[in-house]
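First up is the structure itself, then whatever we jot down about it.
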Amino acid sequence: MTDLTLTIGDKNLSSWSFRPWFLMTEAGVPFTEENIRLDRPESRGVLKEKSPSGLVPFLTHGDLQVWDSLAIMEYVVDLFPEKQLWPAEPGPRAIARAVSAEMHSGFSALRTVWPMMFLRSHPNHTTQAGVARDIARIDTLWTMCRKQYGAGGDFLFGAFSVADAIYAPVVSRFSTYGPVTASTESAAYMETIRGTDAWQKWRAGAEAEVAAG
Ligand SMILES: N[C@@H](CCC(=O)N[C@@H](CS)C(=O)NCC(=O)O)C(=O)O
């Protein structure tokens, strides 16, 4: 299956784009990448013309266009069942979905106050109550996942899953604006994400884009 095209925004900035790209790259799903640079005079017009939602990311598969990062990842899960991108057992899979849904629909303070700036470093950036609450909740979730479900590997549910792709932009935010107070499990988990091939490839792409201006 080589006819998937994933359209994404700037690698330095687009946290929603990072998630399906990270999933597909780390899982070895073949796809063509298309880029739309954001925050440019022409961006709005290009997004309006090409994207079903006027936003990135979106996935094109023949006549089908799927928008929204979580829907894209679910479609990839359906297309490649052999890659087991959710935990196999119903219980852990339900928890992985709950943890992922919580990120998809929440943590708005963290997302607003600490936007993803993949290549930037603002250590000890000031927080506010909402951000501190979001950080503490994410630390609780990561620690719980690693302790209760992580025995089979170094990711949240042991083997790499959609949940890890959902939280990769959070690892980027914590790397940019931290250090954050985190458990030893969470600290080790962040190292795992930063050590993936997909993380290194995204970083190289972000550097190339920024250098190109
Ligand atoms: N919930 C959507 C959010 C997508 C989104 O907000 N994308 C941003 C980039 S990270 C965007 O396209 N912004 C362009 C604009 O607002 O003009 C998803 O999960 O894909």
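Values computed for the structure shown
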item: Residue count, segment 85-142 (criterion: part of a loop (DSSP other than H, G, I, E, B) and either among the hydroxyl-bearing types (S, T, Y) or over 30 Å from A211 (Cβ atoms) (or both)); result: 11
item: Check on T32, of a type in the set (S, T, Y), modelled with pLDDT under 95 and surrounded by fewer than 21 Cβ atoms within 10 Å (Cβ to Cβ); result: no
item: Of the criteria (1) surrounded by 21 or more Cβ atoms within 10 Å (Cβ to Cβ); (2) among the basic types (K, R); (3) under 13 Å from V162 (Cβ atoms), which one K83 fails; result: (1)
item: Members of segment 19-51 that are among the acidic types (D, E) and either closer than 12 Å to T7 by Cβ or part of a helix (DSSP H, G or I) (or both); result: E26, E33, E34, E49
item: Within segment 182-213, considering residues that are outside any helix (DSSP H, G or I) and modelled with pLDDT of 95 or more, the one nearest to the chain's Cα centre (by Cα); result: T196
item: Hits in segment 144-155 (condition: without any contact (Cβ under 8 Å) to a residue 40 or more places away in the chain and either among the aromatic types (F, W, Y) or not in a helix (DSSP H, G or I) (or both)); result: G150, A151, G152, G153, D154, F155
item: Filter result for A168 (closer than 23 Å to D39 by Cβ and either without any contact (Cβ under 8 Å) to a residue 24 or more places away in the chain or among the aliphatic types (A, V, I, L, M) (or both)); result: yes
item: S161 among the small types (G, A, S), touching a Ser or Thr at 6+ places or on another chain (Cβ under 8 Å) and either more than 22 Å from P115 (Cβ to Cβ) or at pLDDT 95 or above (or both); result: no
item: Conditions (1) surrounded by fewer than 16 Cβ atoms within 10 Å (Cβ to Cβ); (2) within 8 Å of the ligand (Cβ to nearest atom); (3) not acidic (D, E); number of the one not met by L38; result: (1)
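Yes or no, residue by residue, for (1) within 12 Å of the ligand (Cβ to nearest atom); (2) among the aliphatic types (A, V, I, L, M); (3) not assigned by TED's automatic domain parsing to the domain that holds A168:
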site	(1), (2), (3)
L55	yes, yes, yes
D63	no, no, yes
S69	yes, no, yes
M73	yes, yes, yes
D78	no, no, yes
A94	no, yes, no
V99	no, yes, no
E102	no, no, no
F107	no, no, no
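Matching residues to (1) more than 18 Å from the chain's Cα centre (by Cα); (2) more than 16 Å from the ligand (Cβ to nearest atom); (3) free of Cβ contacts under 8 Å to residues at least 12 places away in the same chain; (4) outside the structural domain of L13 (by TED's automatic domain parsing):
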{"site": "W114", "(1), (2), (3), (4)": "no, no, no, yes"}
{"site": "H125", "(1), (2), (3), (4)": "yes, yes, no, yes"}
{"site": "I135", "(1), (2), (3), (4)": "no, yes, no, yes"}
{"site": "F157", "(1), (2), (3), (4)": "no, yes, no, yes"}
{"site": "F160", "(1), (2), (3), (4)": "no, yes, no, yes"}
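Per-residue answers, yes or no, for (1) more than 17 Å from the chain's Cα centre (by Cα); (2) closer than 25 Å to E207 by Cα; (3) surrounded by 16 or more Cβ atoms within 10 Å (Cβ to Cβ):
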residue: P20; (1), (2), (3): no, yes, yes
residue: K48; (1), (2), (3): yes, no, no
residue: A101; (1), (2), (3): no, no, no
residue: S105; (1), (2), (3): no, no, no
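The values are calculated or read from the model by the stated rules, or taken from the named source; none is laboratory data. If you're wondering where the values come from, they're calculated on a predicted model, not measured in any experiment. Neighbour counts are summed over all protein chains in view; Cβ atoms, including those assigned to glycine, are modelled from backbone coordinates with ideal geometry.
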